[in-house]
Amino acid sequence: MTVNNSLDNVRKVLEPILENVATSLSMALNHTAEIELGEIHPANMQELAKDYPDEAVCMDVAFVEGFSDKIGFVLASKWAGTWTDLMLMGDGKAEFSPDEHLDGIGELLNQVNGVMVQGFSDLAGSAIKLDPVVTALDQVSNREEQWESYFRIDLTLAVEGFDQGTITMLLSPQFVEDLSSLAKPADEIVQMEDRPPPAVLDDVLESDQATEVRPAAFEEFGTDLSGGSGQSINVLMDVELPVIIELGRTNMFIRDILELCPGTIVELNKLSGEPVDLLINDKKFARGEVVVIDENFGIRITELVKVEDRIQTLK
């Protein structure tokens, strides 16, 4: 397969997936967002440095399953400030501050990557996963050795009420080859099945009387598990993230750790009956009470952490 054919296939794969990315960004930014896919071509580092003469938000994200190699991202710090401010329910007029916006734009790009890899996984029929984004302010010229063999594609992001901004993606030759292999002939392309929003799923849970739910203290309570905002996030419904329920923490001297044995009781920093923390992707997302579902432990959400507080935990 020629390079041009591979790049054409990459475009075929990305175009429908970016429609879902735009939907996700519209929800995250609280404004309608549209994405235009630019030309895919070999990266010219001199041109890239000219387009980003000042320090820009740069990142490399590695595949950990399904694909190999990395994707690079570059965007002007101005847009990192604007888009993060919108995500935090601001007016989008905030001046960029590394302390306030660098981690926030990383969380936004994690959402973008989550939607993209879900699309890749659907096409591949198997799991494709990326490491979380790690953002940094850097001169593009410092990454010349790494990106000079990559392919460049500019994503023009138009957010309602604001000027157009650009996210530049740098695709490694191996990634282009992997992505190109997912392209299907036109007669084999099918639209993704619409998935029910969370509110519909809640109704399904409410009607399921086969599962008995009771508190950890073994006192019976109702089977109403409904909750949440009910806001439809269809494009993210099948993105998998690690979920951890943290009962508590403690510190121990090494001599005490060496004495641990079956039967040893370790006291945690939480009181009995105190709400436990629910961590998503190692970030605190909610609090709740422990319940028992049949023979398994679970958690019933009692409090969601605000978006602003989740951003603060990233710093």
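Read the figures in this text as sums done on the coordinates, not as results from a lab. Since we're looking at a predicted model, the values are computed, not measured.
Converting phi to 3J(HN,Hα) with the Karplus coefficients 6.51, -1.76 and 1.60 and the offset θ = phi - 60°, region 97-113 yields 10, x, 5, 8, 10, 5, 5, x, 5, x, 5, 4, 6, 5, 5, 4, 5 Hz in sequence order, with x at every glycine or proline.
Database remark: amide H of Thr32 closer than 5 angstrom to the amide H of Glu160 (H placed geometrically; neighbours at sequence offset of 5 or more, or on other chains; Pro and chain starts carry no H). Dividing the C-alpha radius of gyration of region 55-150 by 2.2 N^0.38 Å, with N its residue count, gives 1.17.
Amide hydrogen proximity for Ala43: with H placed 1.01 Å from N in the peptide plane, the residues at 5 or more positions away or on another chain lying under 5 Å are Tyr150, Phe151, Arg152. Taking every Cα-Cα distance in region 3-188 and sorting them into 10 Å bins starting at zero, the pair-distance distribution P(r) comes out as 9, 38, 38, 14, 1 percent.
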